[in-house]
Amino acid sequence: MLTVEQLYKSYGDKTLFKDLSFTIKSHDRIGLIGVNGTGKSTLLKVIAGMDTAERGTINSPKDYHIEYLAQDPELDPALTVMEQIYHGDATIMQVMRGYETALRQLQHEANDEAAQEKLLNMQRKMDEHDAWEANTTAKTVLTKLGITDFDKPTTALSGGQKKRVAIAKALIQPADLLILDEPTNHLDNETIEWLEQYLTSYAGALMIVTHDRYFLNRVTNTIFELDKGNLYKYDGNYEVFLEKKAEREALEQQAEEKHANLLQRELAWLKRGAKARSTKQKAHVQRVHELKEKTFDTNKQNIDIQVGSKRLGKKVIELKNVSKTYEAKRLFHDFSYLIIPDDRIGIVGLNGSGKTTLLNIMAKRVAPDEGEVIVGETVKIGYYTQGEEELDGSLRVIDYIKEVAEVIHTKDGNVITAEQMLERFLFTRSEQWTYIRKLSGGERRRLYLLKILMTEPNVLFLDEPTNDLDTQTLTILEEYLGQFPGVVITVSHDRYFLDRVTDKLLVFTNEDTPKQYMGNYSEYLEQQQKQKQTEAKPKKEVPKPSKPKKKLSYMEQREWNVIEDEITSLEEKIEHLQNEINNAGSDTQKVQELFTEQQAIEEELEKKMERWEELSLLVEQYNQ
């Protein structure tokens, strides 16, 4: 057990922790949430011993080990991937590191007797320390995270690769408490789903900060909410947290109203000048002062976005036979697509498949190798990037926003000042005069998002918008996008966000053209799962046409004679419709019509197959 008592820390004039106290028991699965800038990452670092608090204590057993994954991990530039992953002082890590080194040395020097002897020696040590199971687990983790080049220096890795190596190291190290700060950033959906399943059987305790609400809901059993320096604990996952938080806020609201009524009665009593002994009068005056000083935390900080947008005509964006190759890898070829008003499109797929490149081509930031991009005259794009823009740290928050606009206009015609918009984005009037360099990473992303929306776009491009934004900001952003009168196109690995915001997908697969899917991401996954189950089932051997059976009725016999041909015909129709859907390109109306027709024929095929099974059973019975 790890125990935290009376932890206090401030940053400038802002109090991050107000005497926090809590315990972390073995097998706890804690999700830490709160608005960006409240100190979540700082709290993780203090627990991990990478930062200090001004006062308070953290107690744990002497052999208690904490493994910490930073949001932006820094790897040792002097190490290779393998040395980084198996780095650690634990005996089992030293043994596995020695075994892997010996194994790789022998692979390069197959006939070297010294290398062979070294490997045999390390194999004996693996036996002595029961390290084979841990090694198998390590290899599974590495495979699932796509780490294969062990000899590569860490300095040669991309940002996404470095994050995966850091995750692998954190998962492999033996630990009593594993702390993960935004582990899902830069991971694709398949890897996130695997990580969810892996963490459910993790031996130690977990403490996680993540914006991925499905991940949070499936992995955690306790929620810690850090809010204005206070820590609130909720037993249950994210779904239970939402229910209990609503109850807590309702009770606080009731308490504030009751307090206000009591204060009003006390003030009225004093104003009436009721005749009473002076001691009683003094008691009432004192009571009024105490009531006035009492405060309640019922001012919910919500991002209230009402930014309007410029009028959008019927013509938005059209891609005609677009192709793009990057570093000898063909991302997509001869791709055509028509974006229409009110579209809500999610772009999904593996990392490096070309999602952001496609978004950049749509925005005309990148030219295609072949094909044409046509953008409507009324289109005004607001592009929220993954972190391309470096905010000038010497600017104050208010000056950064005023560079875009002093005021903006809501869709109902009202005018809102930059100061008012910043308040709605959780920047108080005093915080608006803060220098940007003093903001947390999440606060900077929130500020950048506000800047994009204040340009009053009618087409929003969002490239991984959920990275570095807290769950509260995301919830309100999703509400805003639901009311947004223009087009929304987003690249995202956040399944919850995709489900709430999109109603059609462009899916990057191993093929050279993105596939179109009508529906949200969960519906797409469900369809994929059904398809895998169907493919995994052993195909039934269709029996040869049987000779007429005397014991079958006349109508049954006629049905049996033709049902196999009918099944074949339906399967051919489905295949033909699928080809037509793939060739429909930018004609979304035609795609929808063909998809509806395909679903109807698939239902008919399912009924035919069920009837075929019934008749085949009858035939078998008659042959016995």
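The values are calculated or read from the model by the stated rules, or taken from the named source; none is laboratory data. Model, not experiment: these values are computed from the prediction. All Cβ positions, even for glycine, are placed from backbone atoms using ideal geometry, and neighbour counts span all protein chains on display. Heads up: the accessible areas ignore ligands, DNA and RNA and are worked out on the full protein's heavy atoms, side chains in. Shrake-Rupley method; radii C 1.70, N 1.55, O 1.52, S 1.80 Å.
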Query raised in the report: So which of K324/K451; K162/K504; K532/K607; K40/K530; K228/K451 end up more than 28 Å apart by C-alpha?
Result: K324/K451; K162/K504; K40/K530
Query raised in the report: How much of K25 can a 1.4 Å solvent probe reach, expressed as accessible area in Å² and rounded to 10?
Result: 90 Å²
Query raised in the report: Once amide H atoms are placed 1.01 Å from N in the peptide plane, what residues at a sequence separation of 5 or more from F332, or on another chain, have their amide H within under 5 Å of its amide H?
Result: K324
Query - Relative packing of 421-431, 212-222, which averages over residues the other C-beta atoms within 10 Å, highest first - result: 212-222, 421-431
Query raised in the report: So for E67, E511, E5, what's the accessible-area order with a 1.4 Å probe, most first?
Result: E511, E5, E67
Requested in this report: Give me the percent of Cα-Cα pairs in the chain that sit more than 40 Å apart, rounded to a whole number.
Outcome: 46 percent
Requested in this report: Output the antiparallel fraction of DSSP beta bridges having both residues in the range 379-489, as a percent to the nearest 5.
Outcome: 35 percent
